[in-house]
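Take a look at the structure set out below.
The values are calculated or read from the model by the stated rules, or taken from the named source; none is laboratory data. What you see is a predicted model, and the numbers here were worked out from it, not measured in a lab. Quick reminder, even Gly has a Cβ in these numbers, built from the backbone with ideal geometry, and neighbours come from all protein chains shown. The accessibility values were calculated without ligands, DNA or RNA, using every heavy atom of the protein model including side chains. Shrake-Rupley method; radii C 1.70, N 1.55, O 1.52, S 1.80 Å.
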Amino acid sequence: MAKVAVRRSFEVVAPVDDAWRRLAEVERWPEWAPHIRSVTVSPNGPLGPSSSGVLHVRRLGRTTFRMSAWEPPRRWEWAGSLPGARVTYDHRFEASGDEATTMTWTVSLEGSLASLIRPVFARVYGRNVDRAIPRLQTWIRT
């Protein structure tokens, strides 16, 4: 059973559709997430239900993802892996007024080594996300 390693909820000043569209510009994430060096999405074009890709993350290396849930404009989830663990990244969007959206990101790990990996992953990834969220909030407004 997957257990949560990191969960963050925060508000952005943008309607749900706009927040979804902006966050779905995955290849532009390095603009607001300094821990991400680059992102490649396949197939080329907009993020969608059959998307997969590669993120190059500072200090953690290369990680791949494959879309596992696609419910525009409310939620997408993708899955990746670490040695001995499956990692799921759930991205949720909920209107919090006409011009604001609450985003909730949940990262869960499961697998034979998940209980060993989870505390370190949570510390490192949690710090990265905490630094990136204010930059994302600004990026979405521009």
Of the conditions (1) part of a helix (DSSP H, G or I); (2) open to solvent by less than 30 Å² (accessible area, probe 1.4 Å), the single one that MET103 does not satisfy is (1)
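Taking region 106-123 as the search range and keeping residues that are aliphatic (A, V, I, L, M) and within 11 Å of VAL4 (Cα to Cα), which one is surrounded by the fewest Cβ atoms within 10 Å (Cβ to Cβ)?
For region 106-123, the residue satisfying everything is ALA122.
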Every listed condition ((1) part of a strand (DSSP E or B); (2) surrounded by 15 or more Cβ atoms within 10 Å (Cβ to Cβ); (3) of a type in the set (Lys, Arg)) holds for ARG7 save (2)
Could you identify the single residue in VAL39, VAL16, VAL26, VAL57 that is of a type in the set (Val, Ile, Thr) and more than 30 Å from SER115 (Cα to Cα)? VAL16
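Every residue, every condition in (1) charged (D, E, K, R); (2) at pLDDT below 95; (3) open to solvent by less than 20 Å² (accessible area, probe 1.4 Å); (4) in contact with a Pro (Cβ under 8 Å, 6 or more places away or on another chain), yes or no:
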site: TYR89; (1), (2), (3), (4): no, no, no, no
site: PHE93; (1), (2), (3), (4): no, no, yes, yes
site: ASP98; (1), (2), (3), (4): yes, yes, no, yes
site: TYR125; (1), (2), (3), (4): no, yes, no, no
site: ASP130; (1), (2), (3), (4): yes, no, no, no
site: THR142; (1), (2), (3), (4): no, yes, no, no
Do we have ARG62 as exposed (fewer than 14 other Cβ atoms within 10 Å of the Cβ), part of a strand (DSSP E or B) and not small (Gly, Ala, Ser) here? yes
Residues that are part of a strand (DSSP E or B), of a type in the set (D, E, K, R), open to solvent by 40 Å² or more (accessible area, probe 1.4 Å) and touching a strand residue (DSSP E or B) at 6+ places or on another chain (Cβ under 8 Å), drawn from region 70-87: ARG86
For the structure I just gave you, tell me whether SER38 is exposed (fewer than 14 other Cβ atoms within 10 Å of the Cβ), under 24 Å from THR138 (Cβ atoms) and at pLDDT 95 or above. yes
